[in-house]
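The values are calculated or read from the model by the stated rules, or taken from the named source; none is laboratory data. No experiment lies behind these values; they were computed from the predicted model shown. Please note: Cβ atoms are built from the backbone with ideal geometry, for glycine as well, and neighbour counts cover all protein chains shown. Each accessible area value is taken on the protein alone, full model and side chains, heavy atoms only, with ligands, DNA and RNA left out. Shrake-Rupley method; radii C 1.70, N 1.55, O 1.52, S 1.80 Å.
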Amino acid sequence: MNKDRKLIIAGNWKMNKTVAEALDLVHGLKLELSNVKEVDIVVCPPYTALCEVSKQILDSNLRLGAQNMSEHNFGAYTGEIAAGMLKEFSVRYVILGHSERRQYQKEDDALIAKKTLAAHAASLKPIVCVGETLAEREGGRTQKVLETQVRGSLHGVSKAQLEETIIAYEPVWAIGTGKTATPDQAQETHAFIRRLLLDMADEVTAKRMRIQYGGSVKPANSRELMSLPDVDGALVGGASLEERSFADIIKNAI
Ligand code: PEP
């Protein structure tokens, strides 16, 4: 597949996997995917497995991501983890503003923007998640919602930082539901987000930024989704928990 932007496929393990299970999974992925050069492959285990997974993937083409981080660098924030702490384990990416955190932890765009800036300050690449609910799509509000989320979550981010930012478009109605956006819906929405980025920055920046699709990505649909002109990878939940399905999503995308 010929695209200027390198695909990036990340597995969001959410609150799953003990350390032993995490090591088992990355051991298999390392072997399965050792020849893949066309895709940036990222695994995002829970915090508790970062240290051991980091050691296990040191000499591989797998990269490490975290699922969240604090907007603060240190201090009295019980239960929080700072960017600098993630860097100790060679974490390179961090998922920010996942819809589950927007829903359950009430994270809003202003907070996500602070986290995005804190991630860049620590040279972590943020994967900033946006996406509409079913009611918003059915009510014809998808573009308005996405515009608010994209502008709000990237407020204050410089052009140079934007280039190092990944956007994950994840329609909330497609996450963990088995429902996937149709190729037309995905392409149309990704193209809309890229036009927004052009307006916020410039053409070069917008063309360089990678926009992942997320929402029930599986081996059976990854080839078609990843071949769309404005889809530059995937953020995968459920199907990233198993070696076979995550490896096949990546192999089918090439
Ligand atoms: C996600 O939670 O980011 C996600 C896309 O989940 P799933 O692949 O399970 O729909």
Order of exposure, largest accessible area first, which applies to TYR104, TYR47, TYR93 with probe 1.4 Å: TYR104, TYR47, TYR93
Relative counts (whole %) of C-alpha pair distances in segment 133-218, using bins that are 5 Å wide: 3, 14, 25, 25, 16, 11, 5, 0
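For the chain, what number results from the quotient of the Cα radius of gyration and 2.2 N^0.38 Å?
Working: Rg = 16.8 Å, N = 254, 2.2 N^0.38 = 18.0 Å.
Normalised Rg, Cα atoms only: 0.93.
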Solvent exposure ordering (accessible area, 1.4 Å, most first) of THR18, THR116: THR18, THR116
For segment 232-254 versus segment 46-108, the gap between their alpha-carbon centres in whole angstrom: 20
For a label point 7 Å along the Cα-to-beta-carbon line of LYS55, residues of segment 84-110 with backbone N under 15 Å: 89-90
For ALA234, distant residues with modelled amide H under 5 Å away: ILE8, ILE9, ALA10, TYR213
Pairs of alpha carbons in segment 205-254 whose separation is greater than 11 Å (percent): 65
Approximate spin-label separation GLU32-THR18, in nm, with each point projected 7 Å along Cα-to-Cβ: 2.2
nm² value of the averaged projected area, convex hull over the Cα atoms of segment 6-84: 5.9
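For the chain, with every protein chain kept in place, what is the accessible area per residue (1.4 Å probe, Å²)?
Numbers: 11520 Å² over 254 residues.
Computed with neighbouring chains in place, this is 45 Å² per residue.
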5 angstrom amide H check on ASN68, placed H, neighbours 5+ away: ILE95
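What does the helix-only formula give at 222 nm for the chain: each DSSP H stretch with n ≥ 4 adding -39500 (n - 2.57), the total divided by the residues, and the result rounded to the nearest 500 deg cm²/dmol? Present the calculation step by step, with values, prior to reporting the outcome.
Values: 12 runs with 114 residues, N = 254.
Value at 222 nm, helices only: -13000 deg cm²/dmol.
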Whole-Hz couplings from phi, Karplus 6.51/-1.76/1.60, listed for segment 237-248; x for Gly and Pro: x, x, 6, 8, 7, 10, 4, 4, 6, 5, 4, 5
Cα radius of gyration and Dmax for segment 29-125 (Å): 14.2, 44
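Which net charge results when you count Lys and Arg as +1 and Asp and Glu as -1 among the other residues whose beta-carbon is under 11 Å from that of LEU23?
Values: positive: LYS17, LYS30, LYS55; negative: GLU21, ASP24, GLU52.
Local charge sum for LEU23: 0.
Summarise the accessible area of segment 66-111 (1.4 Å probe, protein heavy atoms) by the percent that is carbon and sulfur. Before the final figure, lay out each step's value.
Values: 1320 of 2620 Å².
The C+S portion of the solvent-accessible surface of segment 66-111 is 51 percent.
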Candidate lysines for bridging to LYS179, where Cα separation is under 16 Å - those fewer than 8 sequence places away on the same chain excluded: LYS218
